[in-house]
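The values are calculated or read from the model by the stated rules, or taken from the named source; none is laboratory data. Just so you know, these numbers come straight off a predicted model, no measurement behind them. Positions of Cβ are generated from backbone atoms using ideal geometry, with glycine treated the same way; all protein chains shown enter the neighbour counts.
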Amino acid sequence: MRCLGCGSDNPGQARFCQACGAPLVWRCAGCGTQLAPTAKFCAECGRGVTTDLPVVPSSTTRFSSPSAYTPRYLADRILTSQTALEGERKQVTVLFADLQGSMQLLVERDPEEARELLDPILELMMDAVHWYEGTVNQVMGDGIMALFGAPLAQEDHALRGCYAALRMQEAVRRYAKERSAIGVAVNVRIGLNSGEVVVRSIGSDLRMDYSAVGQTTHVASRMEQLAAPGTTLMAQATAALVEGYVRVRSLGARAIKGLAEPLELFELFGAEPVRSRLQARAEHLTKFVGRAEELDKLAVTLERVRRGHGQVVAVVSEAGVGKSRLFAEFLRSPHTRDCLTLESGCVSYRKAPYLPVIELLRAYFQVVEHEAPFKTREKVTGKLASLGVPFDAFVAPCLWMLDVPVDDSRWERLDPEQRRRRALEAVQLLLLQECRIHPVVIVFEDLHWIDAESQAFLDSLVVALGAARLLLLVNYRPEYQHGWAGRSYYRLLRINGLPPETADEMMDALLGPDPSLRPLRRLLVERTDGNPFFMEEIVWTLRETNALEGTRGAHRLARAVDDLRVPATVQAVLAARIDRLPDELKRLLQHAAVIGQDVPFALLREVSDVGSDDLRGALARLQADELLYETRLFPDIEYTFRHALTHDVAYGSVITERRKALHARIAEAIERLHAGRLAEQIERLAHHSSRAEAWGKAVGYLRQAGDKALGRSATREAADWFVQALDALGRLPTDSDTLRLAVDIRLDLRAALYALGEFEPMVARLREADELACKLDDPRRIAWVSIYMGEHWRQTGEFTRALALIERALGLGGTVGDPAVRLAAHLYLGLACYAVGDYRRAAALMRTVVQLPQDDVVAVQFRPTQAGSPAGFRAVSLGWVARCLAEIGDFDEGRVHGREAVRIAESIDHPYSLASACWGLGCLHALQGDFGKAVPVLERALTTAREAGVTRLLPQVMRELGLGYALSRRVSDGIGLLEDALRIVESIGLVVGHSSTLSHLGEAYVIAGRVEEAATVAEQAHAIAHDRGQQADKAAALRLLGAVAVGRGSGSDARRCYGQAIALAESLGMRPFAARGRLDLGILLHRDGDPASRPTLEEARASFREMGMPFWEDAAQTALDALG
């Protein structure tokens, strides 16, 4: 045989030239048919034959036959099934791929050098095929031909072919980019088509001889030839099979050589989201029986939803009874075909805040975990644009939830609580918007593992969905509790084990009809109590122990029933099954269990001791044994345990020391795989590092997880992470570094416990921090502990202790030169002075707060309020300045500060800052007697505080607004608001505002003529203020006691109380209050006929005029006019 490359003669049986190594046997690059040496066109597909390639030496035997390049695990499976396959018709997808630019790549290069460039590209192409368990049947020069669906049967052969094409294109692009110095554009063009083939034979070298039915192979070849470099084309037959799973673009109909009619072509350019876990599991499960009634109820409920009546259905059962299966069958039923279905769930091993909500968002936006941020941003903005919703309201919150950087200064200025609220609102509004387009079915699984923030989202969604076309399906175990049962649109489905007649039907599917099996069936139904998962696992066990012969649905007993030992629990069954696995499979399953219930292939490959090919084979065997399922193919393969119980038992079977070592390897693997994006993996790293008892790493990751949760206002989860961090830190040797960390983490924990209202443990942690900081002799840390401890005592009414501690911190702040310490000390000392009525000093301290630098570095170190940003903090501080100045009668300066506070808060659109600023300005107007201005501003503060959920601010605003109503002749409204304020104060323990709220309520009672009720609250207010040293509040209570005495007709008591109130107010510099006291006293003196009434009223009038208080000046003038 003469070589077409060098002209040398070769023996007739030779396949490669003895002189130059060029191939002597040519195959069509289009369809793989062997060609005659002189052929110019392929007799099978008509493609032109090109044999004028540069002479390239053979790559030894690497590509000579499929056996040389097929991974061993695939080869074993093919050879195992080859006899059964021969002569069968198979539905397949054919893939052709060739390298464009290969001629330029090879020309003028040394043959060995050319081979070194070409072979890696061919290997990348083949790797992509093998990754999705396709087989490369031909390697033809610079291209390959591959099959999916034969020899290995695959129901999703078309999807696997598409995924392989996408992976191939990406791999070659990456290769070309890394080797851009070669100077040649390297691109792959790929063609796909689906149809039937008849398998004729499979050789020992794995080469499959087959006959295409119709034009299956020819059309795939033509797709490749028509594809532009770097693209993938598919025929309509393939496109129809993958609709909804990949993204394609129709290129219209084209005439195809060899076909009578034009054929529509589609370009493949991406993948849609992968199958959900419910969908993936449903493909592998046993016959579904015994839940027809429940399915009917779900269908009827969905019809109500279609009519615009939102519904919630909860399915409750013990593990293994079939909660998930019921939902899976419902979602794949015809009832949901016109619905948008979204699935999410909770897991026991990963307590990241909002995780189920984030999974819901990923499903909605079709975002894959670990996707590049720019791709996620494109998907989010594209989806929102298609909905026509306002970008500003949705883009930033959705990106923030998906851990994508947000380029929005307004969003960055928000505090964590406001971000949390807006993000959850945005998700809820998106879902409700979708309900206007089509019915929406949302599945939340395993709520018994839900985190607090996701629970809050569900609670809010349940409230909002009553009038939406939304069906919320949840399931959980009996120990979980929620507060939805009172909703008219809530339904509870409690499912138990299958009843005997239905369990028999399931046993038919598992065992078969053999009469000898009847005693076994009775035994299994009785022993399992109708639990489907338990029944399936026992049947597996009986098969594996050779107690049963045959195949599923056609078994027969191999031993007498009396000789069988049936474990008492499903956990025992699972443990026995795992123990019977070969050592390498058992070890692999244990590795997977330590990773978690969901197992990414890339991570398992990093930590297992098995090579990539062997790993795929071992995983295939675990899938065949129904211990794991493949839940994701693209872009990365992922597996999940068939059931949470399977995972738990497998994890529990790993001895402690080995488990620790595996957790350590997993943490290291995550660090390698996700370098540069570790923030997305913090919770996983914290979990695995702590389980590995790698305490040094664990402390860092646990603290970062706590910071992340705190930044998302997930305070319960943050507290849990910080507590774990302290526990990990306690296992490290004690030195100055660990002591400093111990203080800092306790201060982090304080922020979470404060937000949760858990004050006793907060104080305990602060005391520990104080002891450690003193041991370190670290003035900066001592100052921080003193500040936070002092603020706690202020809020609990221990003002003497509070002042001493914060004064100490103020002194230390000057020593260490830390601006954040100085800022916090001035603020909290100002608040403490305000609480005890030292308004002059409070005003001076608050002015200093406003003047101190408040850059972003300080804001990070010091998060004293919910202000969230330096601008927000400035607005809140200015509001306090306005309140302080109003108390001492400096209304003009205070008004300037109050208006500036509101302006800043409005400019940053920050609810807490706005509510606080309006409260400050409203208080000033109210103290001045300008209720026409005070009431609208305070109403705005109240509405904003309610919408933002700022509980601790609510009663303080309600107190001022309630009295404002009462003094502006809305007495009933005022009393109602004040009574509500008092209830909140007492329920949340807002001690600092207790006495003043009682006094305001008492004043409203006096105006309403309810003197005895006023007397009760006045005595309470006076006792509280006296005991706690709140001098200003004591003055208010004394004035109220004077009014009560007037109402009771006791002039002497009234004079005494008014006199004491005026004297105390003057000592505190409370000019407006003292003037009002004189007005009250003057009126009393006039009633008693005392001539001192006139000078008293004139003094009050002069004070009102001097301070600019016309409302009260007019009241004083009216009283003077009454004197005659």
> Pairs under 8 Å by beta carbon, first residue in contact (Cβ under 8 Å) with a residue 40 or more places away in the chain in segment 300-311, partner of a type in the set (Gly, Ala, Ser), six or more apart or different chains?
Replying inline: GLY308/ALA467; GLY308/ALA468; HIS309/GLY466; HIS309/ALA467; GLY310/GLY466; GLY310/ALA467; GLY310/ALA468
> Within the bounds of segment 293-314, is there any residue that is surrounded by fewer than 21 Cβ atoms within 10 Å (Cβ to Cβ) and within 17 Å of the chain's Cα centre (by Cα)?
Replying inline: no
>> Going by what's in this entry, would ARG672 be described as surrounded by fewer than 17 Cβ atoms within 10 Å (Cβ to Cβ) and assigned to a loop (DSSP other than H, G, I, E, B)?
In response: no
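I need a count of the residues in segment 484-511 that are among the small types (Gly, Ala, Ser) and touching an Asp or Glu at 6+ places or on another chain (Cβ under 7 Å).
Just the residues of segment 484-511 that are among the small types (Gly, Ala, Ser), to begin with: 485-486, 488, 497, 503, 509.
This time we only want the ones that are touching an Asp or Glu at 6+ places or on another chain (Cβ under 7 Å), so: 497.
Result for segment 484-511: 1.
Is it fair to say LEU342 is under 30 Å from ALA650 (Cα atoms), touching a strand residue (DSSP E or B) at 6+ places or on another chain (Cβ under 8 Å) and not basic (Lys, Arg)?
On the way: under 30 Å from ALA650 (Cα atoms): yes; touching a strand residue (DSSP E or B) at 6+ places or on another chain (Cβ under 8 Å): yes; not basic (Lys, Arg): yes.
Yes.
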> What single numbered condition from (1) under 13 Å from VAL427 (Cβ atoms); (2) touching a Pro at 6+ places or on another chain (Cβ under 9 Å) fails to hold for TYR354?
Replying inline: (2)
> Here is a list of conditions, (1) in contact with a helix residue (DSSP H, G or I) (Cβ under 7 Å, 6 or more places away or on another chain); (2) more than 19 Å from GLU1019 (Cα to Cα); (3) touching a residue at least 12 places away in the same chain (Cβ under 8 Å), and GLY1077 meets all of them except one; can you say which number that is?
Replying inline: (2)
> Inside segment 1085-1122, can you point out the residues that are part of a helix (DSSP H, G or I), among the acidic types (Asp, Glu) and touching a helix residue (DSSP H, G or I) at 6+ places or on another chain (Cβ under 8 Å)?
Replying inline: GLU1098, GLU1099, GLU1113
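Within segment 456-574, considering only helices (runs of 4 or more DSSP H) that don't extend past its boundaries, which have at least 3 residues that are free of Cβ contacts under 8 Å to residues at least 40 places away in the same chain and within 19 Å of ARG325 (Cβ to Cβ)? Explain how you work it out, then say what you get.
Working: elements: 500-510, 518-528, 532-544.
Fully inside segment 456-574 and qualifying: 500-510, 532-544.
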> Quick check: anything in segment 238-249 in the same structural domain as PHE96 (by TED's automatic domain parsing), among the hydrophobic types (A, V, I, L, M, F, W, C), over 19 Å from ASP98 (Cβ atoms) and modelled with pLDDT of 90 or more?
Replying inline: yes
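Counting residues that are surrounded by 22 or more Cβ atoms within 10 Å (Cβ to Cβ) and in contact with a Gly (Cβ under 8 Å, 6 or more places away or on another chain), which helices (runs of 4 or more DSSP H) fully inside segment 747-845 reach at least 3?
Hits in segment 747-845: 799-816, 819-835.
Residue under question is VAL610, and the condition is that it be assigned to a loop (DSSP other than H, G, I, E, B) and either of a type in the set (A, V, I, L, M, F, W, C) or touching a strand residue (DSSP E or B) at 6+ places or on another chain (Cβ under 6 Å) (or both); does it hold?
On the way: assigned to a loop (DSSP other than H, G, I, E, B): yes; either of a type in the set (A, V, I, L, M, F, W, C) or touching a strand residue (DSSP E or B) at 6+ places or on another chain (Cβ under 6 Å) (or both): yes.
So VAL610 passes the test.
With the requirement that a residue be surrounded by 21 or more Cβ atoms within 10 Å (Cβ to Cβ) and in contact (Cβ under 8 Å) with a residue 24 or more places away in the chain, what does segment 1047-1058 give you? Don't jump to the end; show me each part of the working.
In the first step, residues of segment 1047-1058 are kept if they are surrounded by 21 or more Cβ atoms within 10 Å (Cβ to Cβ); the result is 1054, 1057-1058.
Across segment 1047-1058, the qualifying residues are ALA1054, TYR1058.
Yes/no matrix, rows are residues, columns are (1) at pLDDT below 85; (2) among the polar types (S, T, N, Q):
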| residue | (1), (2) |
| --- | --- |
| HIS826 | no, no |
| ALA835 | no, no |
| ALA843 | no, no |
| ARG847 | no, no |
| GLN851 | yes, yes |
| ALA859 | yes, no |
| PHE862 | yes, no |
| ALA871 | yes, no |
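Of a type outside the set (Lys, Arg) and outside any helix (DSSP H, G or I): does that describe THR944? Let's see the steps before the verdict.
Values: of a type outside the set (Lys, Arg): yes; outside any helix (DSSP H, G or I): no.
Taking the combined requirement at face value, the residue does not satisfy it.
Listed residues ALA698, ALA705; which is surrounded by 19 or more Cβ atoms within 10 Å (Cβ to Cβ) and within 19 Å of the chain's Cα centre (by Cα)? Working first, answer last.
Details: ALA698 fails: within 19 Å of the chain's Cα centre (by Cα).
Exactly one residue qualifies, and that residue is ALA705.
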